[in-house]
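To start, the structure itself, in C-alpha coordinates.
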Amino acid sequence: MGLEAKLTQDGFITTTVDALAGWARKNSVWPMPMGISCCAIEMMAVGDPKYDIARFGSEVMRFTPRQCDLMIVAGTVTYKMSHVVRKIYDQMPDPKFVIAMGACTSSGGMYRSYSVVQGIDQFLPVDIYLAGCPPRPDNLLNALIQIQEKIGRSRVKDFPDKKLPELTVLQSN
Amino acid sequence: MDLKEFIPQKLREKIPDILFKENVYRDELTITFDKQNIQPVCKFLKEDPELEFLLCEDITAVDWAKRTNRFTVVYHIFSLKLKTRLCLKCDVDESDCKIDTVTSVWRTANWHEREVFDMYGIRFNNHPDLRRIYMPEYFEYHPLRKDFPLMGIPGSLSLPKK
(Lines give C-alpha, C1' and ligand atoms only; values in the text may rest on other atoms or scores of the structure.)
Protein backbone atom coordinates (compact mmCIF):
# COMPACT_ATOMS: atom_id res chain seq x y z
CA MET A 1 0.00 0.00 0.00
CA GLY A 2 3.00 2.22 0.47
CA LEU A 3 1.53 3.91 3.51
CA GLU A 4 4.80 3.71 5.44
CA ALA A 5 6.72 5.35 2.60
CA LYS A 6 4.11 8.05 2.30
CA LEU A 7 4.19 8.78 6.02
CA THR A 8 7.98 8.94 6.25
CA GLN A 9 8.17 11.12 3.14
CA ASP A 10 5.43 13.69 3.69
CA GLY A 11 4.20 13.02 7.19
CA PHE A 12 0.56 13.28 6.13
CA ILE A 13 -1.97 11.77 3.74
CA THR A 14 -5.07 13.23 2.13
CA THR A 15 -8.31 11.29 2.07
CA THR A 16 -11.99 11.77 2.69
CA VAL A 17 -13.75 11.19 5.97
CA ASP A 18 -16.03 8.72 4.18
CA ALA A 19 -13.12 6.68 2.89
CA LEU A 20 -11.34 6.68 6.23
CA ALA A 21 -14.44 5.80 8.23
CA GLY A 22 -15.44 3.13 5.71
CA TRP A 23 -11.95 1.63 5.75
CA ALA A 24 -11.93 1.52 9.55
CA ARG A 25 -15.43 0.12 9.78
CA LYS A 26 -15.07 -2.59 7.21
CA ASN A 27 -11.91 -4.01 8.72
CA SER A 28 -13.28 -4.30 12.22
CA VAL A 29 -16.71 -5.83 11.84
CA TRP A 30 -17.62 -7.34 15.18
CA PRO A 31 -20.08 -10.19 14.73
CA MET A 32 -22.91 -11.12 17.05
CA PRO A 33 -23.05 -14.92 16.83
CA MET A 34 -26.79 -15.59 16.91
CA GLY A 35 -26.24 -19.36 16.83
CA ILE A 36 -29.60 -21.08 17.05
CA SER A 37 -28.94 -24.50 15.52
CA CYS A 38 -26.57 -26.53 13.33
CA CYS A 39 -25.35 -23.58 11.22
CA ALA A 40 -23.72 -22.35 14.43
CA ILE A 41 -21.29 -25.28 14.24
CA GLU A 42 -20.06 -24.07 10.85
CA MET A 43 -19.93 -20.55 12.25
CA MET A 44 -17.63 -21.83 15.02
CA ALA A 45 -15.43 -23.47 12.37
CA VAL A 46 -14.95 -20.04 10.82
CA GLY A 47 -13.22 -18.94 14.01
CA ASP A 48 -10.73 -21.81 14.06
CA PRO A 49 -7.18 -21.62 12.63
CA LYS A 50 -8.07 -23.41 9.40
CA TYR A 51 -10.52 -20.78 8.15
CA ASP A 52 -9.59 -18.02 10.59
CA ILE A 53 -12.02 -15.15 10.48
CA ALA A 54 -9.31 -13.05 12.18
CA ARG A 55 -7.74 -12.55 8.75
CA PHE A 56 -10.67 -10.26 8.03
CA GLY A 57 -10.63 -8.44 11.35
CA SER A 58 -13.81 -10.09 12.60
CA GLU A 59 -12.51 -12.48 15.22
CA VAL A 60 -14.09 -10.50 18.04
CA MET A 61 -17.29 -12.47 18.51
CA ARG A 62 -19.15 -10.50 21.12
CA PHE A 63 -21.86 -12.14 23.15
CA THR A 64 -23.51 -8.87 23.94
CA PRO A 65 -25.38 -7.15 21.10
CA ARG A 66 -24.32 -3.73 22.34
CA GLN A 67 -20.79 -4.19 21.01
CA CYS A 68 -21.65 -5.67 17.62
CA ASP A 69 -22.12 -4.45 14.06
CA LEU A 70 -22.99 -7.68 12.30
CA MET A 71 -25.57 -10.21 13.31
CA ILE A 72 -25.01 -13.70 11.93
CA VAL A 73 -28.35 -15.46 12.33
CA ALA A 74 -27.27 -19.09 12.13
CA GLY A 75 -30.11 -21.54 12.45
CA THR A 76 -33.82 -22.23 12.35
CA VAL A 77 -35.83 -19.31 13.71
CA THR A 78 -39.17 -20.35 15.15
CA TYR A 79 -42.00 -17.93 15.78
CA LYS A 80 -41.29 -18.15 19.49
CA MET A 81 -37.58 -17.38 18.95
CA SER A 82 -38.24 -14.55 16.47
CA HIS A 83 -39.11 -12.14 19.29
CA VAL A 84 -35.78 -12.85 20.98
CA VAL A 85 -33.81 -12.38 17.75
CA ARG A 86 -35.53 -9.08 17.08
CA LYS A 87 -34.97 -7.92 20.65
CA ILE A 88 -31.24 -8.61 20.35
CA TYR A 89 -31.09 -6.92 16.95
CA ASP A 90 -32.77 -3.82 18.36
CA GLN A 91 -30.06 -3.54 21.00
CA MET A 92 -27.23 -3.38 18.45
CA PRO A 93 -25.89 0.10 17.69
CA ASP A 94 -26.14 1.52 14.16
CA PRO A 95 -24.76 0.95 11.57
CA LYS A 96 -25.64 -2.72 11.73
CA PHE A 97 -25.83 -5.55 9.25
CA VAL A 98 -27.47 -8.96 9.12
CA ILE A 99 -26.34 -12.19 7.49
CA ALA A 100 -29.08 -14.80 7.09
CA MET A 101 -26.90 -17.90 7.28
CA GLY A 102 -28.29 -21.06 5.72
CA ALA A 103 -31.49 -22.29 4.17
CA CYS A 104 -33.63 -22.22 7.33
CA THR A 105 -32.87 -18.62 8.12
CA SER A 106 -33.28 -17.47 4.54
CA SER A 107 -36.50 -19.29 3.68
CA GLY A 108 -37.50 -21.74 6.39
CA GLY A 109 -35.49 -24.39 4.57
CA MET A 110 -36.64 -27.94 5.05
CA TYR A 111 -38.85 -26.86 7.96
CA ARG A 112 -41.96 -26.07 5.96
CA SER A 113 -44.04 -26.05 9.10
CA TYR A 114 -46.41 -24.03 11.27
CA SER A 115 -43.78 -23.25 13.90
CA VAL A 116 -40.87 -21.98 11.76
CA VAL A 117 -40.66 -18.47 10.30
CA GLN A 118 -40.37 -18.88 6.53
CA GLY A 119 -37.46 -16.46 6.16
CA ILE A 120 -36.20 -13.98 8.75
CA ASP A 121 -36.71 -11.11 6.30
CA GLN A 122 -40.28 -11.13 7.60
CA PHE A 123 -39.07 -9.30 10.70
CA LEU A 124 -35.41 -8.29 10.09
CA PRO A 125 -33.69 -6.31 7.31
CA VAL A 126 -31.31 -8.85 5.79
CA ASP A 127 -28.16 -7.80 3.90
CA ILE A 128 -26.81 -11.16 2.75
CA TYR A 129 -28.62 -14.45 2.23
CA LEU A 130 -26.27 -17.40 2.48
CA ALA A 131 -27.12 -20.61 0.61
CA GLY A 132 -26.33 -24.01 2.03
CA CYS A 133 -27.58 -26.45 4.62
CA PRO A 134 -25.40 -25.65 6.44
CA PRO A 135 -23.14 -23.36 4.35
CA ARG A 136 -19.44 -24.17 4.31
CA PRO A 137 -17.20 -21.91 6.42
CA ASP A 138 -15.67 -20.49 3.21
CA ASN A 139 -19.13 -19.42 2.21
CA LEU A 140 -19.59 -17.49 5.44
CA LEU A 141 -16.24 -15.79 4.86
CA ASN A 142 -17.47 -14.87 1.39
CA ALA A 143 -20.56 -13.32 2.95
CA LEU A 144 -18.36 -11.36 5.35
CA ILE A 145 -16.25 -10.07 2.45
CA GLN A 146 -19.41 -8.94 0.68
CA ILE A 147 -20.56 -7.17 3.85
CA GLN A 148 -17.13 -5.48 3.98
CA GLU A 149 -17.54 -4.32 0.39
CA LYS A 150 -20.96 -2.98 1.24
CA ILE A 151 -19.57 -1.11 4.25
CA GLY A 152 -16.68 0.20 2.12
CA ARG A 153 -19.18 1.67 -0.36
CA SER A 154 -21.22 3.35 2.38
CA ARG A 155 -21.00 7.05 3.22
CA VAL A 156 -21.03 8.57 6.68
CA LYS A 157 -24.23 10.40 5.83
CA ASP A 158 -25.92 7.04 5.19
CA PHE A 159 -26.03 6.53 8.93
CA PRO A 160 -27.52 9.62 10.55
CA ASP A 161 -28.25 9.56 14.25
CA LYS A 162 -31.50 7.75 14.73
CA LYS A 163 -33.84 7.52 17.62
CA LEU A 164 -33.68 3.97 18.90
CA PRO A 165 -36.92 2.06 18.56
CA GLU A 166 -38.66 1.59 21.83
CA LEU A 167 -38.14 -1.88 23.16
CA THR A 168 -41.33 -3.68 23.99
CA VAL A 169 -41.25 -6.16 26.82
CA LEU A 170 -42.48 -9.53 25.69
CA GLN A 171 -45.42 -10.84 27.64
CA SER A 172 -43.88 -13.69 29.59
CA ASN A 173 -47.17 -14.95 31.03
CA MET B 1 -41.85 -67.87 32.17
CA ASP B 2 -41.82 -65.49 29.30
CA LEU B 3 -42.29 -61.88 30.33
CA LYS B 4 -44.95 -61.38 27.66
CA GLU B 5 -47.11 -63.87 29.54
CA PHE B 6 -45.91 -63.09 33.02
CA ILE B 7 -46.90 -59.43 33.09
CA PRO B 8 -50.54 -59.91 31.91
CA GLN B 9 -50.95 -62.86 34.22
CA LYS B 10 -49.66 -60.85 37.14
CA LEU B 11 -52.11 -58.06 36.33
CA ARG B 12 -55.00 -60.53 36.13
CA GLU B 13 -54.10 -61.95 39.53
CA LYS B 14 -53.49 -58.75 41.44
CA ILE B 15 -56.07 -56.40 39.96
CA PRO B 16 -58.76 -58.78 38.66
CA ASP B 17 -61.51 -56.15 38.39
CA ILE B 18 -59.65 -54.20 35.70
CA LEU B 19 -60.23 -55.58 32.22
CA PHE B 20 -57.55 -55.21 29.59
CA LYS B 21 -56.49 -56.45 26.19
CA GLU B 22 -52.96 -57.58 25.51
CA ASN B 23 -51.15 -57.59 22.23
CA VAL B 24 -47.63 -58.65 21.31
CA TYR B 25 -46.21 -57.07 18.19
CA ARG B 26 -42.55 -57.31 17.19
CA ASP B 27 -41.60 -58.64 20.57
CA GLU B 28 -43.19 -55.78 22.46
CA LEU B 29 -46.13 -56.12 24.79
CA THR B 30 -48.97 -53.61 24.62
CA ILE B 31 -51.80 -53.44 27.14
CA THR B 32 -55.02 -51.60 26.31
CA PHE B 33 -57.63 -50.71 28.91
CA ASP B 34 -60.23 -48.12 29.90
CA LYS B 35 -59.01 -44.66 30.73
CA GLN B 36 -60.54 -44.52 34.23
CA ASN B 37 -58.14 -47.29 35.28
CA ILE B 38 -54.95 -45.52 34.26
CA GLN B 39 -53.91 -44.47 37.76
CA PRO B 40 -54.40 -47.80 39.56
CA VAL B 41 -52.72 -49.76 36.75
CA CYS B 42 -49.70 -47.44 36.64
CA LYS B 43 -49.43 -47.43 40.41
CA PHE B 44 -49.50 -51.21 40.48
CA LEU B 45 -46.93 -51.60 37.69
CA LYS B 46 -44.55 -49.23 39.44
CA GLU B 47 -44.92 -50.46 42.99
CA ASP B 48 -45.19 -54.21 42.57
CA PRO B 49 -41.83 -55.64 43.77
CA GLU B 50 -41.69 -58.18 40.93
CA LEU B 51 -42.33 -55.65 38.17
CA GLU B 52 -40.95 -52.27 39.23
CA PHE B 53 -41.67 -50.22 36.14
CA LEU B 54 -39.77 -47.27 37.58
CA LEU B 55 -39.06 -45.37 34.39
CA CYS B 56 -41.71 -43.53 32.41
CA GLU B 57 -39.94 -43.05 29.09
CA ASP B 58 -42.58 -41.21 27.15
CA ILE B 59 -46.22 -40.25 27.03
CA THR B 60 -47.71 -39.40 23.69
CA ALA B 61 -50.97 -39.64 21.81
CA VAL B 62 -52.41 -40.69 18.47
CA ASP B 63 -55.11 -38.78 16.62
CA TRP B 64 -57.26 -41.19 14.58
CA ALA B 65 -59.24 -38.29 13.07
CA LYS B 66 -62.55 -39.97 12.19
CA ARG B 67 -62.67 -42.85 14.66
CA THR B 68 -65.30 -42.88 17.45
CA ASN B 69 -62.69 -42.74 20.17
CA ARG B 70 -60.67 -40.09 18.44
CA PHE B 71 -57.49 -40.16 20.53
CA THR B 72 -55.30 -42.84 22.02
CA VAL B 73 -52.96 -41.86 24.83
CA VAL B 74 -49.84 -44.02 24.79
CA TYR B 75 -47.48 -44.61 27.73
CA HIS B 76 -44.06 -46.16 27.23
CA ILE B 77 -42.63 -47.47 30.47
CA PHE B 78 -39.49 -49.42 31.28
CA SER B 79 -38.58 -51.81 34.07
CA LEU B 80 -34.97 -51.71 35.16
CA LYS B 81 -35.51 -54.90 37.08
CA LEU B 82 -36.98 -56.98 34.22
CA LYS B 83 -35.10 -55.03 31.53
CA THR B 84 -38.25 -54.84 29.47
CA ARG B 85 -40.47 -52.20 27.93
CA LEU B 86 -44.21 -52.04 28.21
CA CYS B 87 -46.68 -49.99 26.26
CA LEU B 88 -49.99 -48.88 27.78
CA LYS B 89 -52.85 -47.52 25.68
CA CYS B 90 -56.07 -45.77 26.65
CA ASP B 91 -58.72 -44.45 24.28
CA VAL B 92 -60.01 -40.92 24.84
CA ASP B 93 -62.98 -39.51 23.00
CA GLU B 94 -63.18 -35.93 21.80
CA SER B 95 -66.48 -35.30 23.66
CA ASP B 96 -64.79 -36.08 26.99
CA CYS B 97 -61.20 -35.15 26.17
CA LYS B 98 -59.76 -35.89 29.59
CA ILE B 99 -57.71 -38.54 31.32
CA ASP B 100 -56.32 -38.80 34.86
CA THR B 101 -52.76 -37.67 35.35
CA VAL B 102 -50.03 -40.13 36.30
CA THR B 103 -47.84 -37.39 37.77
CA SER B 104 -48.47 -38.86 41.21
CA VAL B 105 -46.89 -42.12 40.01
CA TRP B 106 -44.01 -40.85 37.89
CA ARG B 107 -43.03 -37.22 38.40
CA THR B 108 -41.45 -37.09 34.96
CA ALA B 109 -44.95 -37.49 33.51
CA ASN B 110 -45.52 -33.81 34.30
CA TRP B 111 -43.78 -32.47 31.19
CA HIS B 112 -44.81 -35.39 28.97
CA GLU B 113 -48.45 -34.70 29.78
CA ARG B 114 -47.98 -30.99 29.18
CA GLU B 115 -46.64 -31.86 25.74
CA VAL B 116 -49.65 -34.07 24.96
CA PHE B 117 -51.95 -31.29 26.15
CA ASP B 118 -50.11 -28.74 24.00
CA MET B 119 -50.07 -30.85 20.84
CA TYR B 120 -53.42 -32.71 21.06
CA GLY B 121 -55.54 -30.75 23.54
CA ILE B 122 -56.13 -33.72 25.81
CA ARG B 123 -56.58 -32.49 29.37
CA PHE B 124 -55.13 -34.32 32.35
CA ASN B 125 -57.25 -34.33 35.51
CA ASN B 126 -55.45 -33.19 38.68
CA HIS B 127 -52.28 -32.27 36.79
CA PRO B 128 -50.25 -29.86 39.00
CA ASP B 129 -49.27 -27.45 36.21
CA LEU B 130 -51.16 -28.01 32.97
CA ARG B 131 -49.77 -25.26 30.73
CA ARG B 132 -48.52 -25.35 27.16
CA ILE B 133 -44.90 -26.44 26.95
CA TYR B 134 -43.83 -25.69 23.34
CA MET B 135 -46.26 -23.24 21.81
CA PRO B 136 -46.81 -19.72 23.19
CA GLU B 137 -49.46 -19.49 25.86
CA TYR B 138 -51.76 -17.35 23.73
CA PHE B 139 -51.86 -19.96 20.94
CA GLU B 140 -55.36 -21.30 20.44
CA TYR B 141 -54.85 -24.52 18.51
CA HIS B 142 -53.33 -27.95 18.95
CA PRO B 143 -50.84 -28.49 16.12
CA LEU B 144 -50.56 -32.29 16.00
CA ARG B 145 -54.29 -32.79 15.52
CA LYS B 146 -55.09 -34.13 12.07
CA ASP B 147 -57.37 -31.20 11.24
CA PHE B 148 -54.60 -28.65 11.88
CA PRO B 149 -53.09 -27.42 8.59
CA LEU B 150 -49.37 -28.11 8.08
CA MET B 151 -48.48 -24.45 7.57
CA GLY B 152 -50.54 -23.35 10.54
CA ILE B 153 -53.30 -20.79 10.71
CA PRO B 154 -52.21 -17.37 9.39
CA GLY B 155 -52.02 -14.77 12.12
CA SER B 156 -52.22 -17.26 14.96
CA LEU B 157 -48.54 -16.78 15.88
CA SER B 158 -47.16 -13.28 16.27
CA LEU B 159 -44.02 -11.90 14.63
CA PRO B 160 -42.08 -8.84 15.84
CA LYS B 161 -42.67 -5.58 14.02
CA LYS B 162 -40.22 -4.97 11.20
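Collect the residues in region B:94-120 that are touching a helix residue (DSSP H, G or I) at 6+ places or on another chain (Cβ under 9 Å) and part of a loop (DSSP other than H, G, I, E, B), keeping them in residue-number order. Of everything in region B:94-120, those that are touching a helix residue (DSSP H, G or I) at 6+ places or on another chain (Cβ under 9 Å) and part of a loop (DSSP other than H, G, I, E, B) turn out to be B:C97, B:T101, B:V102, B:T103, B:S104, B:V105, B:W106.
Matching residues to (1) away from chain A (no Cβ under 14 Å); (2) surrounded by 16 or more Cβ atoms within 10 Å (Cβ to Cβ); (3) out of contact with any strand residue (DSSP E or B) (no Cβ under 7 Å at 6 or more places or on another chain):
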{"residue": "B:T60", "(1), (2), (3)": "yes, no, no"}
{"residue": "B:L80", "(1), (2), (3)": "yes, no, no"}
{"residue": "B:T108", "(1), (2), (3)": "yes, no, no"}
{"residue": "B:E115", "(1), (2), (3)": "no, yes, yes"}
{"residue": "B:F124", "(1), (2), (3)": "yes, yes, no"}
{"residue": "B:F139", "(1), (2), (3)": "no, yes, yes"}
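Say whether the condition of being surrounded by 21 or more Cβ atoms within 10 Å (Cβ to Cβ) and farther than 19 Å from A:P31 by Cα is met by at least one residue in region A:117-129. Yes, region A:117-129 contains at least one residue that is surrounded by 21 or more Cβ atoms within 10 Å (Cβ to Cβ) and farther than 19 Å from A:P31 by Cα.
Taking residues in region B:149-162 that are more than 7 Å from chain A (Cβ to nearest Cβ) and without any contact (Cβ under 8 Å) to a residue 60 or more places away in the chain, and partners anywhere that are assigned to a loop (DSSP other than H, G, I, E, B) and exposed (fewer than 12 other Cβ atoms within 10 Å of the Cβ), the pairs with Cβ atoms closer than 7 Å and at least 6 places apart or on different chains are B:S156/B:E140.
Looking across region B:85-103, not a single residue is under 15 Å from B:L54 (Cβ atoms) and either at pLDDT below 90 or among the acidic types (D, E) (or both).
State whether one or more residues within region A:144-160 are within 14 Å of chain B (Cβ to nearest Cβ) and out of contact with any strand residue (DSSP E or B) (no Cβ under 8 Å at 6 or more places or on another chain). No, the conditions are met nowhere in region A:144-160.
The values are calculated or read from the model by the stated rules, or taken from the named source; none is laboratory data. Bear in mind the structure is a predicted one, so any value in this text is a computation, not a measurement. Please note: Cβ atoms are built from the backbone with ideal geometry, for glycine as well, and neighbour counts cover all protein chains shown.
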